[in-house]
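Everything on this sheet refers to the single structure shown next.
The values are calculated or read from the model by the stated rules, or taken from the named source; none is laboratory data. The shown structure was predicted, so the numbers you read here are calculated from the model rather than taken from an experiment. Every residue, glycine as well, gets a Cβ built from its backbone with ideal geometry; the counts of neighbours run over all protein chains shown.
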Ligand SMILES: Cc1cc2nc3c(=O)[nH]c(=O)nc-3n(C[C@H](O)[C@H](O)[C@H](O)COP(=O)(O)OP(=O)(O)OC[C@H]3O[C@@H](n4cnc5c(N)ncnc54)[C@H](O)[C@@H]3O)c2cc1C
Ligand code: FES
């Protein structure tokens with residue numbers, strides 16, 4: 001069995017996270033253990049196959065995906081009940097690499113459904129005893145994700161910061177601005193010793209890259225593009241001008257790569273491959 005073998009599996013648990021967002025859990029018998037940042041192609045029979053970040057995986061190979069209902073296939077995923085079947089291919093793509101230096105200042109900066117892969121990363125960091133800070137941005141309080149779990153973490157090693165566009169919870173404003181506030185008193189030595197992992201709206205990640213570049217901070221972004229094959233065949237997820245594929249070379253890209261990707265923060269492709277503005 002390879003990561004591209006489709007396995008038909010039953011949904012074993014469903015959790016309502018917030019309005020329009022659900023987490024589905026299924027047991028995936030595979031020796032290929034997913035790592036934070038990787039995704040799976042999820043097939044709903046008779047509907048479509050779509051990419052979803054793996055939002056958790058436990059020792060017994062129970063995988064989770066957290067799905068925002070935005071269209072036909074995600075609506076069908078929301079309509080599933082326990083014991084319904086889905087097809088799963090994965091784990092696919094690259095992953096967030098944990099720092100070898102355990103004394104690093106680690107930031108996880110996420111917006112909206114971009115918290116899904118960061119949740120998996122937070123679980124791993126927490127389990128491995130790293131210190132880290134999470135910044136979560138959302139439109140409003142009711143859109144914040146995984147609050148119950150995050151508050152269960154050891155508060156000595158983890159810090160949580162929240163912001164909402166309307167100020168209904170945490171700071172009023174954007175995650176990229178909150179990050180800037182949190183590092184405002186850092187020395188050049190601390191900047192050098194900081195790493196940021198991000199996922200969310202591309203404009204937010206673009207702003208984060210600029211801030212990290214300014215201070216010489218190591219930075220990684222998890223990108224989203226419309227995908228067909230998820231395995232490097234169709235070319236729909238190509239990033240110009242390097243021709244990097246989000247499904248194969250990503251979805252995680254370093255600042256060195258992002259600086260060279262002219263599409264980053266500006267363009268994505270629609271289902272026909274035509275470029276459209278991200279604004
Ligand atoms: C690597 C990766 C990881 C992802 N992880 C998650 C996740 O953890 N949770 C989650 O809810 N979603 C995730 N997505 C986005 C998800 O794949 C899309 O929302 C989904 O494919 C939409 O399918 P649909 O049939 O419901 O919507 P459609 O009816 O096809 O489209 C509805 C709207 O969603 C937009 N859309 C469609 N596909 C994508 C896409 N791939 N990225 C962004 N917008 C899209 C369309 O342009 C349209 O505006 C991820 C995407 C990628 C590439
Ligand atoms: S989705 Fe087909 S090449 Fe990436």
task: Looking for whichever is more than 16 Å from ligand 2 (Cβ to nearest atom), free of Cβ contacts under 8 Å to residues at least 12 places away in the same chain and more than 26 Å from residue 51 (Cβ to Cβ) here; the options are 211, 172. Which one fits?
output: 172
field: Members of the stretch 171-195 that are within 18 Å of residue 103 (Cβ to Cβ) and in contact with a helix residue (DSSP H, G or I) (Cβ under 6 Å, 6 or more places away or on another chain)
entry: 191
query: Name the residues in the stretch 42-70 that are farther than 17 Å from residue 117 by Cα and more than 8 Å from ligand 1 (Cβ to nearest atom), would you?
result: 43, 44, 45, 46, 49, 59, 60
field: Among the candidates 236, 182, residue that is over 30 Å from residue 87 (Cβ atoms) and in contact with a strand residue (DSSP E or B) (Cβ under 7 Å, 6 or more places away or on another chain)
entry: 182
- request: Considering only the stretch 198-210, state which residues are in contact with a helix residue (DSSP H, G or I) (Cβ under 6 Å, 6 or more places away or on another chain) and outside any loop (DSSP other than H, G, I, E, B).
  value: 198, 199, 204, 207, 208, 209
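Among the residues of the stretch 116-152, count how many are out of contact with any strand residue (DSSP E or B) (no Cβ under 8 Å at 6 or more places or on another chain), surrounded by 14 or more Cβ atoms within 10 Å (Cβ to Cβ) and without any contact (Cβ under 8 Å) to a residue 60 or more places away in the chain. Outline the logic, then answer.
Of the residues in the stretch 116-152, the ones out of contact with any strand residue (DSSP E or B) (no Cβ under 8 Å at 6 or more places or on another chain) are 124, 127-129, 147-149, 152.
Restricting the remaining residues to those that are surrounded by 14 or more Cβ atoms within 10 Å (Cβ to Cβ) gives 124, 147.
When the remaining residues are screened for being without any contact (Cβ under 8 Å) to a residue 60 or more places away in the chain, the result is 147.
Selection size over the stretch 116-152: 1.
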message: Which residue is farthest from ligand 2 (Cβ to nearest atom), if the candidates are limited to the stretch 41-61 and must be over 21 Å from residue 228 (Cβ atoms) and within 18 Å of the chain's Cα centre (by Cα)?
response: 58
- prompt: Just wondering, is there one or more residues in the stretch 27-44 that are touching a residue at least 24 places away in the same chain (Cβ under 8 Å), more than 25 Å from residue 233 (Cα to Cα), touching a helix residue (DSSP H, G or I) at 6+ places or on another chain (Cβ under 8 Å) and not assigned by TED's automatic domain parsing to the domain that holds residue 115?
  reply: no
- prompt: Considering the stretch 245-279 alone, what residues qualify as being touching a helix residue (DSSP H, G or I) at 6+ places or on another chain (Cβ under 7 Å) and outside any loop (DSSP other than H, G, I, E, B)?
  reply: 255, 258
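Matching residues to (1) part of a loop (DSSP other than H, G, I, E, B); (2) within 29 Å of residue 92 (Cα to Cα):
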residue	(1), (2)
121	no, yes
129	yes, yes
133	no, yes
137	no, yes
163	no, no
168	yes, no
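Residues checked against (1) buried (at least 19 other Cβ atoms within 10 Å of the Cβ); (2) within 14 Å of ligand 1 (Cβ to nearest atom); (3) farther than 24 Å from residue 90 by Cβ:
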residue	(1), (2), (3)
223	yes, yes, no
226	no, yes, no
230	yes, yes, no
239	yes, yes, no
245	yes, yes, no
252	yes, yes, no
260	no, no, yes
266	no, no, yes
275	no, yes, yes
- prompt: Taking residue 128, is it under 20 Å from residue 193 (Cβ atoms) and either at pLDDT below 95 or within 13 Å of ligand 1 (Cβ to nearest atom) (or both)?
  reply: yes
